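Read the figures in this text as sums done on the coordinates, not as results from a lab. Keep in mind that this is a model prediction, so the values were computed, not measured. For neighbour counting, all protein chains shown are included, and Cβ atoms are generated from backbone atoms with ideal geometry for every residue, glycine included.
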């Protein structure tokens, strides 16, 4: 029976999301790979953490040349993760705990191992030939940028079978689907409906700007692409309620906004540029980068929401920063060149802030209080570390650390069989950093994170409220109000590692009594004089303002 | 700013020092020097003996006493000379004494207590009557425990009354609230109660605190609001009382009660129009069983007064009531031997309720016109039950409740016409 935490169709506006890899979460059959029965066995942990929705990374059959984003069958479960029955059992058990589940939908491309592509390449007369984008030459769509510049020289790849070129915006083993073909659009809708009928609560839609190609354009964000997405959304709305489509479009917010349409395209989209600026503001001890990007962010339709995050399965992307900013971030957060990959940094939250609990809390506090729905990355709730010696971005995809026993409680397999080695450093190793030990300590990061989420959930203002910056003279202090109807929360954050005093002009809030939201302490009534606060290093306060 | 707030800066400073509280006991006072020290000692005894680990606070909200009540509270020693102290507080016991802002009265005092509870995030809020029964620790504790255990969200005292006592309650308020709200609430009025922080927060959010009528209506409104908004309501047996809380003239008391009832009926019409039957409430404490002595009062003089007043306002009644009801009332002839039977009484009550709904005459004016009818009914009931045993009288009171319930559909039908 479904007992979801909110029946509101706009639930995603208030939700806290939790991103995880099935293969890294819990292994039930001792083969070294996480699976759905294992994940189901850990649902109590997720429910007690207080999150609302799980975002599962790809769970489909795949040759795994791109961490599962190279899908070879859209309507099956990768056998290593279990059966479809295992998935359905997990889904019903998640719903029974009030947890929603969204899954990946890779629209732009398939694996070159997918049967559709195998058929398409087999003959130019094959009915599925036109499901992909082919060319006799590799000079169509000239000038379109190459995304994976480290590995790809062209967006065209030669197919030795059909002796023609095929279009791919990502890796050459990921041929792009041809969305000009109605049959492709119909088939993708069937895929969505298949999972929605099983009960999934939505999709994180991968790489959305690249669906349609047109000569003479960048082949990104084209009106034809929006038309495809709107068509899918309309079919979703016609058949289901309370589902969510979350767009991945790593672009400036003003460029992402069209993906919300008039509330008729995506429900949510990631806000990529805000993430590096949180880290930048922290290291600079200056609120400027954050205020700049938020003030630059256009308003979006009421039914839509940003998704914000500190870390995820990819690198800490520095695409949406200037060259000066990127170099600063690399110098400050990736002194070890092995931490750098593509245009980013392959590290987890805790190592990025030197394992400093105060800075982890500050960053988590920002994540939970800025506009948007926060997305936690698995393991960050206990301060897991990373391993930059692993290839690609596997540094941040290591097995979840459940306890200090064999294989961190992740698996009963021989340690050599684990799909990735555990973190075993002296500082972040699973013997020191794990769920079980943190459960036993009331002041642990895990319990603190639970409390943080609980406090966020005590009001809808964080998910739905407006934001107004206060801009006191002290630039080390970020202060803003979030307002929704009669509910106002004042957030004051000391970005500096030193004690600070700040004078806040709260004249427009005169008469309000600040009530500190974590401890419940009452602060003096706000008057017409500057409100003076003294703050310790990296302190942050959330005050609920009460007019009583 | 401070002038717009339920909390003065002086009170707020004290609340900042106290911080969060688990249990808040509010003590609204106005010239209660004679009894208040015993109540303060009882509260302190309750805190130290029964809740030593919890964060507790007593907040006195004084309406401007001239008899030194706040000083007595502030300076009250926690033990009297002959008392052996057997328990010691683990925590600082907080006593906050502050005059309140705004119009004097229960409404302002309660808003101050609720606002303080909101800021302190109190889980249990108890409001005591400084002249009430909470003069020993046990009587404070028993108000706290059911709320603290989350067994109930609003706890209303109930008393073992003699059937001849509390006539305004037994003839009007109790049967009307039972019939309309569908709940067997014994004492819809009363100064004491306990509630959860959730209920207190809910009340603060409601648009009641600026209503003029709410100045008199707040006790009844709290109870009916809890029922209408489906908070879990329970009752607690308290020591037997006689004419508790009777501090005004009868005519003024009737006026205030009528204004209270109208305020609640208007606020909760979406609930009571649909309410059906009468549900029992869970009870805490022990029924004292032994009946207190009957109140003695001159019902013949009351009847005479009612007869005189009714004849005087007959033209006004004819404007407000339907002709046949008015004729029956006057034909029955108010007098010493007259008998305003249950049915006629209930129809009259409902007719006045409809008159308030129609709005042709001010509610205050209607309340004044209703007073002599009530006095007549009270006198007639007392007269005709003078020789009855308490048990027979109680049966007649129960029968009256049934009549209110039986005739409710007619009220609902009339009330709904203009909705």
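By definition, a body whose alpha carbon gyration tensor gives a ≥ b ≥ c is prolate when a/c is 1.5 or more and a/b is larger than b/c, and chain A fits this prolate description. Legend: mean number of C-beta atoms from other chains within 10 angstrom of residue C-beta atoms, peptide A:521-529, equals 4. A protection proxy built from the mean count of other Cβ atoms within 10 Å ranks the segments B:277-285, B:16-24, A:481-489, most packed first, as B:16-24, A:481-489, B:277-285. The long axis of helix A:274-284 is offset from the longest Cα principal axis of chain A by roughly 40 degrees. Summed over qualifying helices (DSSP H, 4 residues or more, each -39500 (n - 2.57)) and divided by its residue number, chain B shows a 222 nm mean residue ellipticity of -16000 deg cm²/dmol.
What do you get for the angle between helix B:363-384 and the principal long axis of chain B? Use alpha-carbon atoms, 0 to 90 degrees, nearest ten. Computed tilt is about 80 degrees. If I build a Gaussian network model for chain B, linking alpha-carbon pairs within less than 10 angstrom, which residue out of B:214, B:391, B:306 has the largest mean-square fluctuation? Of B:214, B:391, B:306, the most mobile in the Gaussian network model is B:391. Separation of region B:313-390 and region B:160-217, taken as the distance between their Cα centroids, equals 23 angstrom. Compute the acute angle (0 to 90°) between the alpha-carbon long axis of helix A:323-333 and the principal axis of greatest extent of the alpha-carbon atoms of chain A; round to the nearest 10°. Approximately 70 degrees, to the nearest ten.
The order of B:167, A:502, going from fewest to most other C-beta atoms within 10 Å of their C-beta, is A:502, B:167.
Going by average Cβ neighbours within 10 Å, how do the peptides B:377-384, B:266-273, A:314-321 rank, with the highest at the top? Walk me through the numbers on the way to the answer.
Values: B:377-384: 22.2, B:266-273: 16.6, A:314-321: 20.8.
My ranking of the peptides, most packed first, is B:377-384, A:314-321, B:266-273.
Measuring between their Cα centroids, region A:214-241 and region A:414-463 lie 39 Å from each other. Pick from B:127, B:140, B:96: which residue has the top mean-square fluctuation in a GNM of chain B where Cα pairs under 10 Å get a spring? Among B:127, B:140, B:96, the largest GNM mean-square fluctuation belongs to B:96. Centroid-to-centroid, using Cα positions, region A:507-548 and region A:290-350 are 31 Å apart.
The calculated 222 nm mean residue ellipticity attributable to helices in chain A amounts to -7500 deg cm²/dmol, summing -39500 (n - 2.57) over DSSP H runs of n ≥ 4 and dividing by all residues.
Which whole-number percent gives the relative contact order of chain A, counting Cα pairs below 8 Å spaced six or more residues apart?
Contact order relative to length: 13 percent.
By definition, a body whose alpha carbon gyration tensor gives a ≥ b ≥ c is prolate when a/c is 1.5 or more and a/b is larger than b/c, and region B:97-195 fits this prolate description.
When you count the other C-beta atoms within 10 angstrom of each residue and take the mean per peptide, A:454-461, A:10-17, A:373-380 line up highest first as A:373-380, A:10-17, A:454-461.
Cβ crowding within 10 Å ranks A:448, A:131 as A:448, A:131, fewest other Cβ atoms first. Answer rounded, prolate or oblate for region A:320-390, using the Cα gyration tensor with square roots of eigenvalues a ≥ b ≥ c: rounded when a/c is under 1.5, else prolate when a/b is larger than b/c, else oblate. It is oblate, given that a/c is not under 1.5 and a/b is not larger than b/c. Residues B:229, A:243, ranked from the fewest to the most other C-beta atoms within 10 Å, line up as B:229, A:243.
Please build a GNM for chain B, connecting alpha carbons under 10 Å apart, and tell me which residue among B:26, B:234, B:359 fluctuates the most. Of the options given, B:359 has the highest mean-square fluctuation.
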